[in-house]
Amino acid sequence: MPRMFLNGTAMRGGDMHHLVGDAEFLGATSTAARYRFHSVDDRYPALEDLGAEGASVQGELYDISYEQLREVLLPAEPDGLELGVIELADGSGSFAMVLRRPKPDLPMKDISALGSWRAYREGVA
C-alpha cells in the first residue's frame, strides 16, 4: 500500500480525519527542508517544493489503500491542491497533497516559519 503524508485537516483530531478511514497510522514525521508551507485562504495548508530554499513541515504518515486514496481522500481535496510525491526528513518518499501547478490564483499566506498546520491554527484561533 502507498504511504500518504498528511499535514492539514485530515490529521488525527482534524475535521477531515475520517477521510483516512482505517488506514494504518505510521507515526508523526516531517518533510525534508525543501518546502514552503502556505495557508490557502485560511482554509487548508499547501506544500510548495522549492528545493534548497525551503523549510521542514510537520505531519503524519499513513499506510493507505489505493481504493481509500482514490475513492475517498482525493475527491475531498480542494481545487488548489494536487497529488504529488514529496521527500520526507529521512530521505524516503511519500504521496502528499501539494500546491497545484501552475500556482493557483488564491489568497495565500506563507506559514513556513511555523512548520505546522496545527501551530498555525492555534495562533489564529
Provide the per-residue ³J(HN,Hα) series for region 88-96, in order, calculated from phi with Karplus coefficients 6.51, -1.76, 1.60 and θ = phi - 60°, each as a whole number of Hz, with x at glycine and proline positions.
8, 4, 7, x, 7, x, 7, 5, 6
Here P(r) for the chain, Cα-Cα distances in 5 Å bins, as whole percents, is 2, 11, 24, 26, 21, 12, 3, 0
For region 1-84, run through the trypsin sites (Lys or Arg not before Pro) and keep only the ones in DSSP coil with at most 14 other Cβ atoms within 10 Å of their Cβ.
ARG12, ARG43
Alpha carbon centroid spacing (whole Å) that separates region 5-72 from region 79-115:
9 Å
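Laboratory data are not the source of any read-out in this text; all were calculated from the coordinates shown. These numbers were taken from a predicted model, which means no experiment stands behind them. Every residue, glycine among them, receives a Cβ derived from its backbone with ideal geometry; neighbour counts consider all protein chains shown.
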